[in-house]
Amino acid sequence: MRTIHAAPLLRRTLDDRPVADTAVLVTGDRIEAVAPAGELTAAYPGVRVRRWPGVLGPALVHDGPLPSAPTPRERVHALFGLGAAAVLADRVTDPGLRAAAARNGVALLASAHPPALIVGGRADLAVFADDGSCVATVVAGRLVHRRA
């Protein structure tokens with residue numbers, strides 16, 4: 001299944017300056033294209049288009065302790081509310097938490113790396129509002145968090 005994620009601004013890495021009217025085409029769990037939104041919608045008519053307010057970019061790598069919550073599942077979902085799709089593996093040592101992370105597609109990384117939107121790469125995306133709060137998080141192509 002294909003989805004186009006579009007926002008007024010997009011950045012390929014967290015250090016890039018945002019560019020206007022650019023979108024990401026996601027197929028399954030992979031990024032198929034990053035291109036002007038109009039080009040993608042014209043090339044893929046009928047594809048679901050999700051238009052988000054804010055800045056669309058790569059999901060974050062969470063390098064601190066996971067947020068506290070009553071259950072492992074809720075701790076993982078708290079990550080999604082921060083715009084994170086990956087966490088350092090050494091922060092997830094509890095078997096229940098590790099299982100919850102795996103069930104929800106969280107990438108467990110040996111070391112932190114700067115996240116980026118890369119064609120052919122895993123579709124981990126996040127949208128942030130002007131105040132820095134997370135509007136939506138996509139993990140491996142699946143929408144896992146959307147602010148009400």
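Placing +1 at every Lys and Arg Cβ and -1 at every Asp and Glu Cβ, with all other atoms neutral, what dipole size does the chain have around its Cα centre, in debye to the nearest 20?
440 debye
For segment 21-37, what does the Karplus curve 6.51 cos²θ - 1.76 cosθ + 1.60, with θ = phi - 60°, yield as ³J(HN,Hα) per residue in whole Hz, taken in order and with x for Gly and Pro?
For segment 21-37, the Karplus curve yields 6, 10, 9, 10, 9, 10, 10, x, 9, 10, 7, 8, 7, 10, 7, x, 4 Hz.
Around Ile31, with a cut-off of 12 angstrom between Cβ atoms, what is the net charge of the other residues, counting Lys and Arg +1 and Asp and Glu -1?
+1
Using the Kirkwood formula on the Cα atoms of segment 63-135, what hydrodynamic radius do you get, in angstrom to one decimal?
Details: mean 1/r = 0.0770 Å⁻¹.
So the Kirkwood estimate lands at 13.0 Å.
Testing the spin-label approximation: label points 7 Å from Cα along Cα→Cβ at Ala116 and Glu39. State their distance in nm.
Once both label points are built, they end up 1.8 nm from each other.
For segment 21-65, give the percent of accessible area contributed by carbon and sulfur heavy atoms, probe 1.4 Å, rounded to a whole number. It would help to have the intermediate numbers written out before the result.
On the way: 1110 of 2090 Å².
The computed percentage sits at 53.
Which distance in Å, rounded to a whole number, links the C-alpha centroids of segment 80-147 and segment 53-76?
Here the two parts' Cα centres lie 6 Å apart.
Expressed in whole Å with the largest first, what are the equivalent ellipsoid semi-axes of the chain derived from the C-alpha gyration tensor as the square root of 5 times each eigenvalue? Walk me through the intermediate numbers first.
Details: eigenvalues 142, 44, 38 Å².
The answer is 27, 15, 14 Å, longest axis first.
For Asp21, tell me the accessible area in Å² from a 1.4 Å probe, rounded to the nearest 10.
Probe radius 1.4 Å; accessible area of Asp21 about 100 Å².
Could you check the spin-label model distance between Leu108 and Ala20? Points 7 Å from the Cα along Cα→Cβ, value in nm.
4.5 nm
Using modelled amide H (1.01 Å from N, peptide plane; none on Pro or chain starts), what sits under 5 Å from the amide H of Ala85, excluding residues fewer than 5 places away?
Leu60, His62
Summing +1 for each Lys or Arg and -1 for each Asp or Glu, what net charge is found among the other residues whose Cβ lies under 15 Å from the Cβ of Ala107?
Taking every Cβ under 15 Å from that of Ala107, the sum is +2.
Whole percent per 5 Å bin, from 0 to the bin with the longest distance: what is P(r) over all C-alpha pairs of segment 1-85?
Over segment 1-85, the share of Cα pairs per 5 Å bin runs 3, 14, 21, 20, 16, 13, 9, 4, 2, 0 percent.
Solvent-accessible area per residue for the chain at a 1.4 Å probe radius, Å²?
That works out to 51 Å² per residue.
Ranked highest first by average number of other Cβ atoms within 10 Å, how do 92-99, 52-59 line up?
On the way: 92-99: 13.9, 52-59: 23.0.
For the peptides 92-99, 52-59, the packing ranking is 52-59, 92-99.
The values are calculated or read from the model by the stated rules, or taken from the named source; none is laboratory data. Small disclaimer: the values here were computed from a predicted structure and weren't measured. Backbone-built Cβ (ideal geometry, glycine too); neighbour counts: all protein chains shown. Quick note on the areas: whole protein, heavy atoms, side chains included, nothing else; ligands and nucleic acids left out. Shrake-Rupley method; radii C 1.70, N 1.55, O 1.52, S 1.80 Å.
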